[in-house]
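Each remark here refers to the structure printed beneath this line.
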Amino acid sequence: MQVFLAICLLFLAPAHLHAGEFKAEFVTASEAILSNPHDIDLSADGTYLYAADLGNNRVAVLDAKSLKLGGTIGEKDDLAAPHDVNLGPDGKLYVADTGNDRIVIYALTGSGGTKTGELSGGFYSPESVFAHTDGRIYVTGVGTGNIVAFENGRIVARADGLSHPHDVISDRKGSFWVADSGNDRMLLMSRDLKVMRELKGDAYKFSGPRYQDITDDGLLIVADKNTHSVKIIGPDGGFLAVIGDGKRGKGPNKFTTPEGVVVLGSDLWLADSGNNRITRYRIVR
């Protein structure tokens, strides 16, 4: 049964968003066949959903619509507690192989993949990887409290002094959002990893923000793990809305320690990590 859920607007939205216009419709959820899934990403055609299946030491490949398991990647490559997956502009899948302190790169073939390379050095316990269209690869190291940018296999930029940094993604202007999870904040950084903006404090009430994605019109959608909710930030940095009632649970509009986020058009997928499943919503405006 589909359940239609209003997302409560917490602050005034920009002119194109009005109270009552921003809603999320629960579509479906996978069976609890995963083990603490973390970040997720989609194939270029939107057919497959890739999930860092942390507890099973693999990448799970699901049908993006039905969320049925269709294949796995990495089980023969000794992945250890992978936290992040990112489909790069080269069509390859980049996996943060956290327990092995490396990034593993796969050439994809339908619901499978073949290892083609690795990246390591300058970080420990990576929990996010992002392959940019300009050829740079950005990695966050939880064990080193940093984010590192690689170009042609060499470190060309880095930012230190972070606490338990998680996801890094590019916005539409070429800047980067980084979840500085241990400091309960989101940072907007330049290509060379200089801090440009900080989102923190009572206006956001972040508590362990993990992974995020950006809609076509610039909304930042952040999985806020410890509040068991997903928060919506406007292009101007204003806090717009929240999905989830802030309490542990399982069902429409309920999460337990959510982690992964990916959006395609009006479709939104969320890793309901504490419930060992992936959920799919539809954004209605």
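A short reminder: the numbers here are calculations on the coordinates, not readings from a lab. The shown structure was predicted, so the numbers you read here are calculated from the model rather than taken from an experiment. Positions of Cβ are backbone-derived with ideal geometry, glycine not excepted, and every protein chain shown enters the neighbour counts.
Below, the figures for the structure above:
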{"item": "Backbone HN-Hα couplings from phi across the range 197-202 [Karplus 6.51/-1.76/1.60, Hz, Gly and Pro as x]", "result": "7, 10, 10, 7, x, 5"}
{"item": "Amide hydrogen neighbours beyond the local backbone of ALA241, cut-off 5 Å, H modeled", "result": "LEU10, ILE232"}
{"item": "ILE33-ARG248 pseudo-label distance in nm [points 7 Å out on the Cα-to-Cβ vector]", "result": "2.6 nm"}
{"item": "Between the range 209-262 and the range 60-113, the alpha-carbon center distance in angstrom", "result": "23 Å"}
{"item": "Two-site label geometry, THR47 and ASN152: point separation in nm, points 7 Å out along Cα→Cβ", "result": "3.5 nm"}
{"item": "Fewest-first sequence of LYS254, LYS173, LYS225 by Cβ atoms within 10 Å of each Cβ", "result": "LYS173, LYS254, LYS225"}
{"item": "Calculated FRET value between SER120 and ASP216, using beta carbons and R₀ = 30 Å, to 0.05", "result": "0.30"}
{"item": "Derived scalar couplings ³J(HN,Hα) [the range 247-259; Karplus, 6.51 cos²θ - 1.76 cosθ + 1.60; whole Hz; x for Gly, Pro]", "result": "10, 3, x, 9, x, x, 6, 9, 9, 10, 6, x, 10"}
{"item": "Extension gain (nm, one decimal) between ALA107 and ASP202, 0.36 nm per residue minus Cα-Cα", "result": "29.9 nm"}
{"item": "Across LYS23/LYS205; LYS92/LYS205; LYS68/LYS225; LYS68/LYS205; LYS92/LYS250, pairs whose alpha-carbon gap is larger than 31 Å", "result": "LYS92/LYS205; LYS68/LYS205; LYS92/LYS250"}
{"item": "Separation of the ASP171 and GLU25 label points, Cα + 7 Å toward Cβ, nm", "result": "3.0 nm"}
{"item": "Loop-exposed chymotrypsin sites (Phe, Trp or Tyr not before Pro) per DSSP, neighbour cap 16 Cβ within 10 angstrom, longest uninterrupted part of the chain", "result": "125-285"}
{"item": "Under 11 Å, Cβ to Cβ, from GLY74 - net charge with Lys/Arg +1 and Asp/Glu -1", "result": "-2"}
